[in-house]
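Peer 1: Here it is, the structure in full.
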Amino acid sequence: MEANRQDLEDLAPRHAERRAFTYTVVDPEDVTCLGCVYIFPTTATFLLRSTVAAVGEAAWGDVDAVVYFWVRRSRMQTHLDERLLTSLRAWFADDWRLSRIVFVTSQRFDQQMALLGRTDLRPLFEVAEPGKAGRYVAFG
């Protein structure tokens, strides 16, 4: 929990400057953190330092936003991850008016890889972030 709090504090200036956005997913009583959503442009510094490889004909420059999200393991059994993904997709389309979103996850996160694979989203890019183990897959 403390690491998540520090992460949010580090990201707060980017949110205030509208360069990137971070949201905590909380329970209806606004007491318990259930997960987080991170929204970045493709020009975010860590992404510019990353190696991004297309898995087909997709072009990284056509992407409107890069989204990472997680849900507590204890909430996956209630399918909160699926409901969050569905809500995020509608939110970006309806409120943000963005249609070219990629959802990024680590290949090591079997549950999230399977979740994204069960949708109409397909792997468009592989992302290797400097200093992070493993590869990440961007679904869109």
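Peer 1: Could you pull out the residue among Leu116, Leu88 that is out of contact with any strand residue (DSSP E or B) (no Cβ under 6 Å at 6 or more places or on another chain), free of Cβ contacts under 8 Å to residues at least 60 places away in the same chain and buried (at least 17 other Cβ atoms within 10 Å of the Cβ)?
Peer 2: Going through Leu116, Leu88 in turn, the sole match is Leu88.
Peer 1: Moving on. Sort out which residues of the range 123-140 are part of a loop (DSSP other than H, G, I, E, B) and surrounded by 13 or more Cβ atoms within 10 Å (Cβ to Cβ), and write them in order of number.
Peer 2: Of everything in the range 123-140, those that are part of a loop (DSSP other than H, G, I, E, B) and surrounded by 13 or more Cβ atoms within 10 Å (Cβ to Cβ) turn out to be Glu129, Arg135, Gly140.
Peer 1: Hey, another quick one. Out of everything in the range 62-85 that is within 15 Å of the chain's Cα centre (by Cα) and among the charged types (D, E, K, R), what residue ends up being surrounded by the fewest Cβ atoms within 10 Å (Cβ to Cβ)?
Peer 2: Going through the qualifying residues, I end up with Arg83.
Peer 1: Can you name the number of the only condition in (1) part of a strand (DSSP E or B); (2) farther than 16 Å from Phe40 by Cα that Thr86 fails?
Peer 2: (1)
Peer 1: OK, next. In the range 42-84, how many are in contact (Cβ under 8 Å) with a residue 12 or more places away in the chain, among the β-branched types (Val, Ile, Thr) and within 17 Å of Glu126 (Cα to Cα)?
Peer 2: Qualifying residue count, the range 42-84: 7.
Peer 1: Additional query: Which members of the range 101-113 meet the condition of being surrounded by 14 or more Cβ atoms within 10 Å (Cβ to Cβ) and assigned to a loop (DSSP other than H, G, I, E, B)?
Peer 2: Phe109
Peer 1: Select from the range 47-61 the residues that are within 18 Å of the chain's Cα centre (by Cα) and of a type in the set (D, E, K, R) and list them in ascending order.
Peer 2: Arg49
Coordinate-derived values only; no laboratory data. Here the structure is a predicted model, which is why all the values come from computation and not from measurement. FYI the Cβ positions are ideal-geometry reconstructions off the backbone, even for glycines, and counts take in every protein chain you see.
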